[in-house]
1. Can you find a residue in the stretch 91-111 that is assigned to a loop (DSSP other than H, G, I, E, B), hydroxyl-bearing (Ser, Thr, Tyr) and under 29 Å from Ser244 (Cα atoms)?
2. Answer with yes or no whether Ser15 is under 16 Å from the mean Cα position of the chain (by Cα) and farther than 21 Å from His250 by Cα.
3. Scanning the stretch 136-170 for residues that are of a type in the set (Gly, Ala, Ser) and in contact (Cβ under 8 Å) with a residue 12 or more places away in the chain, which turns out surrounded by the most Cβ atoms within 10 Å (Cβ to Cβ)?
4. Among all residue pairs at least 6 apart or on different chains, which show Cβ distances below 8 Å where the first residue, located in the stretch 14-39, is closer than 11 Å to Asn109 by Cβ and the second is part of a helix (DSSP H, G or I) and among the hydroxyl-bearing types (Ser, Thr, Tyr)?
5. List every residue pair whose Cβ atoms sit under 7 Å apart, with the two residues 6 or more apart in sequence or on different chains, where the first one lies in the stretch 197-212 and is in contact (Cβ under 8 Å) with a residue 40 or more places away in the chain and under 16 Å from Val18 (Cα atoms) and the second, anywhere, is part of a loop (DSSP other than H, G, I, E, B) and of a type in the set (A, V, I, L, M).
6. Residues Ala100, Ala77, Ala66: which one is buried (at least 17 other Cβ atoms within 10 Å of the Cβ) and among the small types (Gly, Ala, Ser)?
7. Identify, please: which residue in the stretch 171-213 is part of a helix (DSSP H, G or I) and of a type in the set (Val, Ile, Thr) and is, among those, surrounded by the fewest Cβ atoms within 10 Å (Cβ to Cβ)?
8. With respect to Tyr227, determine if the residue is out of contact with any Gly (no Cβ under 6 Å at 6 or more places or on another chain), aromatic (Phe, Trp, Tyr), in a helix (DSSP H, G or I) and surrounded by 20 or more Cβ atoms within 10 Å (Cβ to Cβ).
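The values are calculated or read from the model by the stated rules, or taken from the named source; none is laboratory data. These figures come from a predicted structure and were not determined experimentally. In this analysis, Cβ positions are derived from the backbone assuming ideal geometry, glycine residues included, and neighbour counts consider all displayed protein chains.
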Amino acid sequence: MNATRAPIGETHGLSVSVVVYQPDSALLVRTLESLAAASAAVRAAYPDFAVSLCLVDNGGLPDLSAELAALGEHGLASSVISGHGNVGYGCGHNLAIGKAASRYHLVLNPDIDLDEHALVAALDFFAQHPDVGLLSPRIGDDEGRLQYLCRRYPTVLDLFVRGFLPSTMRRFFARRLARYEMRDVINERDVVWDPPIVSGCFMLFRTDVLKRLAGFDDRYFLYFEDYDLSLRTHDTARIAYAPSVRVLHHGGGAARKGHAHIRMFSASAFKFFNRFGWKWV
């Protein structure tokens, strides 16, 4: 272990939940491989720290027996929860969160590639900042460019412009979108304390904080469950954007996924604003 590295209390380790519904097999396998490499780096830094994976099958999970066996050979224990049907993103994660007995829990999308040292950097950050209950990483796109996925509280106009206007029209709203996406403070270097909302593609919690919050609100089937959980976390613990923790994200917006996703996005936005307050412009 690095002599400057603070102890993190290795007893209970890190649990990871990944919810899938008819996943892109290639992306999912990449996610699992990157998680295995990051877990190996954790074991090298903290030999007694265990990492475990729970795959939650909301439907359409391909046969990954060979890949999961390979994870086991590299010291990453895994399990699969299935048979419950498509219960939604947040509810799916809650099935795994309810079983977690870990010190930390990572909510992870099946389209994320973790940097090899991402988990070590995250655990180091938690050790240095005991008041932090939720960590959000530096998130890059397919080309590695910074994605601005931390958010200030949205207005209805912000969501419409960012989610549904073509890029040729979004440029007329560049200033307001930059504010919404926190481009004035999010960068490659600086820790940002208490961003109002962070992305659900990678949410690393202290598990006791996550359980105190009872996980996601499963009234959201898809979209805005991370907005809801972020805002509730502020009542319990601090949130930090930590750019030393690096991942890549291959996801896309609701409007580009078809009418069904637009309907789900709109329904969840309605629930979100009804709960936390409407801001139109």
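1. yes
2. Here the answer is yes, as Ser15 does meet what is asked.
3. Ser136
4. Taking only residues 6 or more apart or on different chains, the pairs are Val18/Thr31; Val19/Tyr89.
5. Partner pairs satisfying both residue conditions: Ser199/Leu149; Thr207/Ala100.
6. None of the other options fit; the residue is Ala100.
7. In this case the residue turns out to be Val209.
8. yes
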